[in-house]
Every structure is written in C-alpha cells, then in structure tokens.
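Report on the structure given below.
Read-outs: derived from the displayed coordinates by stated rules, not from any lab. Treat the numbers as computed from the prediction; the structure is a model and nothing was measured. Virtual Cβ from ideal backbone geometry, glycine too; neighbours counted across all protein chains shown.
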Amino acid sequence: MSNDNNVRPADAGATCQDPPSAWEQSCPPSLIPENRTIEVYLGDTLIARSNSIIRVVGGPGAPVTFYLPRKDVRTQYLQSENEGGHCQWRGDSCYYTIDTGARTSSRAACHYANPSAAFVALSDHVCFHPARVACYIDGERVWSQRDDRNGSWITAGRVCS
C-alpha cells in the first residue's frame, strides 16, 4: 500500500480517538512509556512478556509499534541477521530471526543498538513484527497492516493501539 499524500487511505480500517490513530500523529515519532502487558509467542513458545513497554507513534500513516525491554525477552531464541534497516529518526536497526527449535521466523524482531540521541531509550529494547510472531496486548491478539514492512500493531477495529 502506498500513500504519498499523507492522507489516511480508505482501506486502512477504523480510526481511534484515544490514543489517536497513526493517520493523525505528528512527526517525528514520539516515545510513550506504558504499562500494558505485551506477550509475544512463536508457536507455543513464549518469546517475551513485559508490562513496561515503550509505544512509538510516528508521522501520518506511520505504524504504531511497541518496544519491550531486552530483560523481558528470552534472548536465547533471537539470532542476529546480517541485514537491518534504517529509520530517519531512530537510526540503524538490526533484524533478528526467532528460532525456537520447533519453529523459525525471519525478520521477526528488530533492535536499535545505537539509536539517535532522541531515541536512546530504545537501545535496550526489542520490537516484534506481529505478522511474523503472535503478539498480544492485554490478552488481545495484534495484527499488522496489510503489506506492512514495518511491523505496525493493530487491534480489533483500530489502526493504533
């Protein structure tokens, strides 16, 4: 899905007001500490559980993502990949494959080891891609936007969470 006009596309789903949807956010992204419980699974294996998270909301149409403290992630399942990405705000990221022995999911998580100064709080956090692992917010399953490369988090009827 491409959207060069910073206008919420008709197929983006319902918007929410509290917190605002991704289509009504401002740039640059902001970091919002929250205490909701997030759980991440690959198959039946718990990969992470935390109630001390950082929600990152970006500019118009940018995905809402959640970062969990590394201390709450079962890092023995994470394998660094040789490639990563770049965010103009956060900096360079590295991707992780998650391998439980029973199941594997590539590019299922990412981490900013040396984020830009404004995002240094993310340096010890990991973000998971809900299209590649099962993510839950307070027990509710999270989904990713169609054709989403960035791992946006969507709950039932909401473009944001």
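Structure notes:
- Taking label points 7 Å from Cα along the Cα-to-Cβ direction, residue 97 and residue 34 give a separation of 3.1 nm.
- Residues 100, 65, sorted so that the one with the fewest Cβ neighbours within 10 Å comes first: 100, 65
- Gain on full extension, evaluated as 0.36 nm per residue between residue 106 and residue 46 minus their Cα-Cα distance, stands at 20.0 nm.
- Label-to-label distance, nm, for residues given as residue 121 and residue 79 (7 Å Cα→Cβ offset): 3.4 nm
- The residues 38, 54, when put in order of fewest to most other Cβ atoms within 10 Å, stand as 54, 38.
- Summing Lys and Arg as +1 and Asp and Glu as -1 over all other residues whose Cβ lies under 12 Å from the Cβ of residue 68 gives a net charge of +2.
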